[in-house]
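Take a look at the structure below.
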Amino acid sequence: MIVPIPAVVPPGRMSRTDQPVFGLANGFELRPWRPDDAKVLADSCQDPDVQQWNRPGHLSLDDAGERITRWEKRWRTEEAAVWAISEPGEGTPVGLIGLGDFDLCGGSAEFLYWLLPAGRGRGVMLDAVVRVSRWALDDLGLHRLRITHSVANAASCRVAQKAGFALEGTMRSALLHSDGWHDEHLHARVQGDAWPG
């Protein structure tokens, strides 16, 4: 007799709750994107680093508004969790962090993130990755989280390593960027890994 393996995260665990808001140690906040953030999202596509490493394309104001609406729906359908990284006091977003490629049954998800110049160099992304990781592993109940990035993206590599995501290997010619195919690092954190000090 084949015994079915139960889902790591039961269906509905995420969608039955509102998307949480998290304070970060440096005063920044993680909150859901709002319709009035559409201009920041559209403008973020003009940043050369965001365009190079995240490949968002170019968004009109309407496109950005539709994307924000889609993120809200993807929370309710348990497909993704995307937050704005905002200035203290629910201010203007300076970045984005989220989990996509959810496999709640199998217990895994993959990070996506970027920062605009106003948020860079302040340790914001490291704090955000650790906070979202704690939510995903401790509260939601996932087992494994991944970060992948071009081997040429040294900033993402530093964030992953400082956040306690072990480098598991290099995926050859794994992602097409504007300047051609890039090898990618694969980092991961699993339940029970030590948290950064």
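The values are calculated or read from the model by the stated rules, or taken from the named source; none is laboratory data. None of these values were measured; they are calculated from a predicted model. Here Cβ is always computed from backbone atoms with ideal geometry, including for glycine, and neighbour counts include all displayed protein chains. Only protein heavy atoms, including side chains, enter the accessible area calculation; ligands, DNA and RNA are left aside. Shrake-Rupley method; radii C 1.70, N 1.55, O 1.52, S 1.80 Å.
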Open item on the list: For a quick check, take a GNM of the chain with Cα springs below 10 Å and name the residue from Ser173, Ser15, Ser86 with the largest mean-square fluctuation.
Closed with: Ser173
- [ ] Among Leu116, Leu175, Leu96, determine the one that fluctuates most according to a GNM of the chain built with springs between C-alpha atoms less than 10 Å apart.
- [x] Leu175
Open item on the list: Place a point 7 Å from Cα of Arg13 in the direction of its Cβ. Which residues in the stretch 160-191 have their backbone N less than 14 Å from it?
Closed with: 191
- [ ] Could you tell me whether the stretch 46-132 comes out rounded, prolate or oblate from its Cα gyration tensor? Rule is a ≥ b ≥ c as square roots of the eigenvalues, rounded for a/c under 1.5, then prolate if a/b exceeds b/c, otherwise oblate.
- [x] oblate
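Determine, from the Cβ-Cβ distance of Thr92 and Gln52 and an R0 of 30 Å, the FRET efficiency 1/(1 + (r/R0)^6), rounded to the nearest 0.05. It would help to have the intermediate numbers written out before the result.
Details: r = 23 Å, r/R0 = 0.75.
Here the calculated transfer efficiency is 0.85.
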Task: Solvent-accessible area per residue, Å², over the chain with all protein chains present [probe radius 1.4 Å] - done: 51
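So what is the orientation-averaged projected area of the chain, using the convex hull of its C-alpha atoms, in nm²?
On the way: hull surface 49.0 nm².
Hull-based average projected area comes out at 12.2 nm².
Which net charge results for the neighbourhood of Trp71, defined as the other residues with beta-carbon distances under 14 angstrom from its beta-carbon, given Lys and Arg at +1 and Asp and Glu at -1? All intermediate terms of the calculation are to be shown ahead of the outcome.
Numbers: positive: Arg31, Arg34, Arg67, Arg70, Lys73, Arg74, Arg76; negative: Asp18, Asp37, Asp63, Glu66, Glu72, Glu78, Glu79.
Spelling it out: positives minus negatives among the neighbours equals 0.
Got the relative contact order for the chain handy, in percent, Cα pairs under 8 Å and 6 or more residues apart?
On the way: 349 pairs, mean separation 37.0, N = 197.
The value is 19 percent.
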Open item on the list: Shape verdict for the stretch 118-197, please, from the Cα gyration tensor: rounded (a/c under 1.5), prolate (a/b greater than b/c) or oblate.
Closed with: oblate
Task: Fluctuation leader among Ala152, Ala42, Ala84 - the chain, Gaussian network, Cα springs under 10 angstrom - done: Ala152
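By the scheme Lys and Arg +1, Asp and Glu -1, what is the net charge of all other residues having a beta-carbon under 11 Å from that of Gln191? Before the final figure, lay out the partial values.
Details: positive: Arg144, Arg189; negative: Asp138, Asp193.
Taking every other residue near Gln191 into account, the sum is 0.
Based on Cβ point charges of +1 for Lys and Arg and -1 for Asp and Glu, what charge dipole magnitude is obtained for the chain about its Cα centre, in debye rounded to the nearest 20?
Working: 21 positive and 26 negative charges, 79 e Å.
The dipole magnitude comes to about 380 debye.
In the stretch 14-145, carbon and sulfur make up what percent of the accessible area (probe 1.4 Å)? Could the numbers behind the result be given before it?
Values: 2930 of 6010 Å².
Heavy-atom surface of the stretch 14-145 belonging to carbon and sulfur, 1.4 Å probe: 49 percent.
Looking at the P(r) of the stretch 19-90, how many percent of alpha-carbon pairs lie beyond 16 Å? Walk me through the intermediate numbers first.
Working: 1391 of 2556 pairs.
Every Cα pair in the stretch 19-90 considered, those over 16 Å come to 54 percent.
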Task: Ranked by how many other beta carbons lie within 10 Å on average, peptides 98-104, 177-183, 72-78 from highest - done: 98-104, 72-78, 177-183
Open item on the list: Tell me the net charge near Asp101. Cut-off is 11 Å between Cβ atoms, Asp101 excluded, with +1 for each Lys or Arg and -1 for each Asp or Glu.
Closed with: -2
